[in-house]
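Student: Structure incoming, see below.
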Amino acid sequence: MQRYFRGGQEPDVSLPVIQPSFAADPARELTITWLGHSAVVVELDGVRILTDPMLSERASPFQAVGPKRFHVAPVEVADLPALDAVVISHDHYDHLDMDTVAALGALATRFIVPLGVGAHLEAWGVGSDRITELEWWEQVNVDGVRVVCTPSRHFSGRGLTDRNRTLWASWALIGSEQRVWFSGDTGPFPQVAEIGERLGPFDLTMIEVGAYDPAWDSVHMGPDAAVEMNAMVGGAALFPIHWGTFNLAAHRWDQPIVRLLDVAEVPVMAP
């Protein structure tokens, strides 16, 4: 993998993309498939859940301008397997993508979102009967898997007038034997230890490690903070997300994973 670590804020080589292959039935053992940025297909207990599906070319309200993918999306919506639910962390463009959500909505997909985010989905054609909105610490059952809305420290908004009108969240996915925590976007916060105490320990955490800056450390994490948060929440292994897909910060595109591999004290499931 080291040979691809080249370039500045964007890679100057073509990044390899592997189109995933999914079995007809979701795995019972914990299985994850990274689709880039914060989009991950999680399978456990025979349930398949997709986090923050963002498969468009640009993280922007307009596909002609805005941050562009470093690589093509590994799948299109039509290539995805049947999903039991889609979980959304918050409404920023690189996490809540209108085109991807509308395409998933046409497939009668179930969505589980923080408070207020459902209005976006309804505007894009998703029926209200397929949307579950949750407050922090509320939960819903998806075919035996507990999906728990957990706190995070971030913000929301898609325009100039809707700042913090919707909730942001992290999520715990709890099966009969295995547990996963998905950070969404968050800065480090001491109350994350409560998530581990109430719902952990976790077999795997999916924590953002990229698009960080010292000026944003209250709302975004870099690799060092991600390692600390993994320990606080009781994560046995860390899968780094939110890096290697869009140019959203001033650091080198590969800096998050290079630094993470240097400082991690637990297994890092780097792609």
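The values are calculated or read from the model by the stated rules, or taken from the named source; none is laboratory data. Worth saying up front: this structure is predicted, and the values here are computed from it rather than measured. Cβ placement follows ideal geometry from the backbone for every residue including glycine, while neighbour counts extend to all protein chains displayed. Note: areas computed on protein heavy atoms with side chains; ligands, DNA, RNA excluded. Shrake-Rupley method; radii C 1.70, N 1.55, O 1.52, S 1.80 Å.
Student: If you check Pro214, Pro256, which single one turns out to be over 17 Å from Ser152 (Cβ atoms) and buried (at least 24 other Cβ atoms within 10 Å of the Cβ)?
Tutor: Answer to the selection: Pro256.
Student: Report, by residue number, each residue of the stretch 62-75 that is charged (D, E, K, R) and under 17 Å from the mean Cα position of the chain (by Cα). Steps first, answer last, please.
Tutor: Of all residues in the stretch 62-75, those charged (D, E, K, R) come to 68-69.
The one that is charged (D, E, K, R) and under 17 Å from the mean Cα position of the chain (by Cα): Arg69.
Student: Would you confirm, using the coordinates I've provided, whether Val75 is modelled with pLDDT of 95 or more, more than 25 Å from Asp162 (Cβ to Cβ) and either open to solvent by less than 30 Å² (accessible area, probe 1.4 Å) or of a type in the set (S, T, N, Q) (or both)?
Tutor: When the stated conditions are applied, Val75 passes them.
Student: When only residues in the stretch 139-164 that are more than 19 Å from the chain's Cα centre (by Cα) and modelled with pLDDT of 95 or more count, which is farthest from Arg110 (Cα to Cα)?
Tutor: Gly144
Student: How many residues does the stretch 140-158 contain that are touching a residue at least 24 places away in the same chain (Cβ under 8 Å) and either assigned to a helix (DSSP H, G or I) or over 26 Å from Glu76 (Cβ atoms) (or both)?
Tutor: Of the residues in that region, 13 qualify.
Student: Which one of the conditions (1) of a type in the set (Val, Ile, Thr); (2) touching a residue at least 40 places away in the same chain (Cβ under 8 Å); (3) touching a helix residue (DSSP H, G or I) at 6+ places or on another chain (Cβ under 9 Å) does Val268 fail to meet, given that it meets all the rest?
Tutor: Evaluating Val268 over (1) of a type in the set (Val, Ile, Thr); (2) touching a residue at least 40 places away in the same chain (Cβ under 8 Å); (3) touching a helix residue (DSSP H, G or I) at 6+ places or on another chain (Cβ under 9 Å) leaves (2) as the failure.
Student: Let me ask something else. Give me a count of the residues in the stretch 157-166 that are open to solvent by 50 Å² or more (accessible area, probe 1.4 Å) and closer than 21 Å to Val87 by Cβ.
Tutor: 2
Student: Before we move on, is Trp124 aromatic (Phe, Trp, Tyr), in contact with a strand residue (DSSP E or B) (Cβ under 7 Å, 6 or more places away or on another chain) and in contact (Cβ under 8 Å) with a residue 12 or more places away in the chain?
Tutor: no
Student: Next up: Take the stretch 25-69 and flag every residue that is open to solvent by 50 Å² or more (accessible area, probe 1.4 Å), hydrophobic (A, V, I, L, M, F, W, C) and at pLDDT 95 or above.
Tutor: Result: Trp34, single match.
Student: Taking the options Val219, Val227, name whichever one is open to solvent by 20 Å² or more (accessible area, probe 1.4 Å) and not in a helix (DSSP H, G or I).
Tutor: That would be Val219, the only listed residue that is open to solvent by 20 Å² or more (accessible area, probe 1.4 Å) and not in a helix (DSSP H, G or I).
Student: Given the structure, is Asp97 open to solvent by less than 40 Å² (accessible area, probe 1.4 Å), under 27 Å from Tyr212 (Cα atoms), modelled with pLDDT of 95 or more and among the acidic types (Asp, Glu)?
Tutor: Against the criterion (open to solvent by less than 40 Å² (accessible area, probe 1.4 Å), under 27 Å from Tyr212 (Cα atoms), modelled with pLDDT of 95 or more and among the acidic types (Asp, Glu)), Asp97 qualifies.
Student: Let me ask something additional. Is there a residue in the stretch 167-176 that is of a type in the set (Ser, Thr, Tyr), in contact (Cβ under 8 Å) with a residue 40 or more places away in the chain and either surrounded by fewer than 24 Cβ atoms within 10 Å (Cβ to Cβ) or in a strand (DSSP E or B) (or both)?
Tutor: From the stretch 167-176, those of a type in the set (Ser, Thr, Tyr) are 170, 176; that's our starting set.
Filter once more, keeping what is in contact (Cβ under 8 Å) with a residue 40 or more places away in the chain: 170, 176.
Checking the rest, the ones that are also either surrounded by fewer than 24 Cβ atoms within 10 Å (Cβ to Cβ) or in a strand (DSSP E or B) (or both) come to 170, 176.
Yes, there is a match, as at least one residue in the stretch 167-176 is of a type in the set (Ser, Thr, Tyr), in contact (Cβ under 8 Å) with a residue 40 or more places away in the chain and either surrounded by fewer than 24 Cβ atoms within 10 Å (Cβ to Cβ) or in a strand (DSSP E or B) (or both).
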